[in-house]
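Undergrad: Sending over a structure as structure tokens; questions will come in a sec.
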Amino acid sequence: MPYIQSDGASLYYEEAGAGIPIVFAHEFSGDLWSWEKQIQHFSRRYRCIAFNARGYPPSDVPKQLSRYSHRHAVDDIAVVMRHLGVSKAHIIGCSMGSRTTLDFGLDYPRMALSLTMIGIGSGGDPRKKAAFKRDSEARARLYEQAGLAEVLKGLRTAANRVQLKHKNPRAWEDFGRRFMQHSAQGCANIIRRVQGRRVSLYSMSKPLQALKVPSHVIVGDEDQGAIDSGLFMKQVSPAVRLSVVPSTGHLVNLEEPDLMHRLTEDFFALVESNQWRPRGR
């Protein structure tokens with residue numbers, strides 16, 4: 001099995017295809033296999049690279065909390081790219097991976113051809129920072145004390161996820177099966193050290209205004225947190241284009257893969273032909 005060493009953790013990765021590279025960053029409740037439909041589609045013309053974040057088997061689940069942070073998550077993308085000899089790539093993320101994708105574009109702009117962010121909505125309202133921290137700790141304890149099966153019960157009724165069940169029951173069951181292969185302790189560590197400590201998206205107006213990497217935010221219209229975040233990013237950043245997918249929840253890449261592929265290919269075509277322009281130019 002292929003692994004890459006990155007600051008105290010072995011990261012499991014897979015790749016397929018040849019051409020301009022795409023690197024995929026998965027959501028909190030998913031893993032690299034969440035991108036299977038995208039890899040099958042895009043690997044016909046692109047070099048597709050996906051890896052499991054630290055804390056997600058078969059990548060390492062470090063015991064030391066110091067091995068988890070949002071900084072690690074961003075830097076791990078750069079480490080994977082350098083190990084594989086990739087100097088520049090399209091970066092695609094979902095949810096937690098979307099926030100990592102955004103910060104990668106801010107911190108490593110020369111390594112990013114473009115940023116595609118599905119369901120970004122991380123950090124919460126800065127006015128509710130204390131409540132967000134309390135909720136994060138409660139979620140982490142739920143993973144540790146109740147386990148993955150109990151957490152999955154809640155995910156199966158979440159308003160922004162249940163659309164997948166209605167649209168594609170087989171994909172819904174596969175999501176649950178994959179989720180049960182995660183590490184409860186790894187998830188708890190990530191909640192505490194990555195999600196719970198990130199700077200709020202809504203306090204990032206200045207870096208978003210200065211963002212130069214072509215960026216595409218994709219949200220489902222039944223994912224309220226992501227809609228609010230997407231509108232905020234669109235209003236603040238000239239580099240952002242926004243696509244809203246109808247009758248769709250949090251996991252656009254699983255719920256509406258064909259539409260997501262078309263939207264992304266159109267965006268890639270603009271970037272690769274040097275026809276993409278920031279708003280106002």
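A short reminder: the numbers here are calculations on the coordinates, not readings from a lab. No experiment lies behind these values; they were computed from the predicted model shown. Neighbour counts run over all protein chains shown; Cβ positions are idealised from the backbone, glycine included.
Undergrad: Please state, as a whole number in µm²/s, the translational diffusion coefficient that the Stokes-Einstein equation yields for the chain at 4 °C and 1.567 mPa s, with Rh defined as the Kirkwood radius across alpha carbon pairs.
TA: Details: Rh = 18.7 Å.
Rounded, D is 69 µm²/s.
Undergrad: P(r) of region 58-157 in 10 Å steps, Cα pairs, percent per bin?
TA: Spelled out per bin, shortest first, that is 13, 34, 36, 16, 1.
Undergrad: Let me ask another. Report the relative contact order of region 118-215, percent, no decimals, based on alpha-carbon pairs under 8 angstrom and at least 6 residues apart.
TA: On the way: 62 pairs, mean separation 48.8, N = 98.
Normalised by residue count, the contact order of region 118-215 is 50 percent.
Undergrad: Another one. In terms of modelled amide H atoms, which long-range or inter-chain residues lie less than 5 Å from the amide H of S215?
TA: Those qualifying (amide H under 5 Å, at least 5 residues apart or on another chain) are L115, R241.
Undergrad: In addition: Could you please report the charge total around D223, scoring K, R as +1 and D, E as -1 over all other residues with beta-carbon less than 11 angstrom from its beta-carbon? Working shown, then result.
TA: Working: positive: R161; negative: D221, E222, D228, E255.
Within the 11 Å Cβ shell, the charges total -3.
Undergrad: So what's the back-of-envelope 222 nm ellipticity for the chain, counting only DSSP H runs of four-plus at -39500 (n - 2.57) apiece and dividing by all residues, rounded to 500? Don't skip to the answer; put the middle values down first.
TA: Working: 12 runs with 125 residues, N = 281.
The helix-only estimate for the chain comes to -13000 deg cm²/dmol at 222 nm.
Undergrad: What aspartates and glutamates could a cross-link reach from K133, if we take a straight Cα to Cα line under 12 Å and drop same-chain neighbours fewer than 8 places away?
TA: K133 reaches D125.
Undergrad: Would you list, by chain and number, the lysines whose Cα falls below 21 Å from the Cα of K37, excluding same-chain residues fewer than 8 positions away?
TA: K165, K167
Undergrad: If the reach is capped at under 14 angstrom between alpha carbons, list the aspartates and glutamates near K153, excluding any in the same chain fewer than eight residues apart.
TA: K153 reaches E173.
Undergrad: Here's another thing I want to ask about it. Of all DSSP beta bridges located in region 3-272, what percent are antiparallel, nearest 5?
TA: Working: 7 of 32 bridges.
In region 3-272, DSSP labels about 20 percent of beta bridges as antiparallel.
Undergrad: For H261, H90, what ranking results if the residue with the fewest other Cβ atoms within 10 Å of its Cβ goes first?
TA: Values: H261 15, H90 25.
The fewest-first ordering by Cβ neighbours comes to H261, H90.
Undergrad: State whether region 167-227 is rounded, prolate or oblate according to the following rule on the C-alpha gyration tensor (a ≥ b ≥ c being the square roots of its eigenvalues): a/c under 1.5 gives rounded; otherwise a/b larger than b/c gives prolate, and the remaining case gives oblate.
TA: Here region 167-227 falls in the oblate category.
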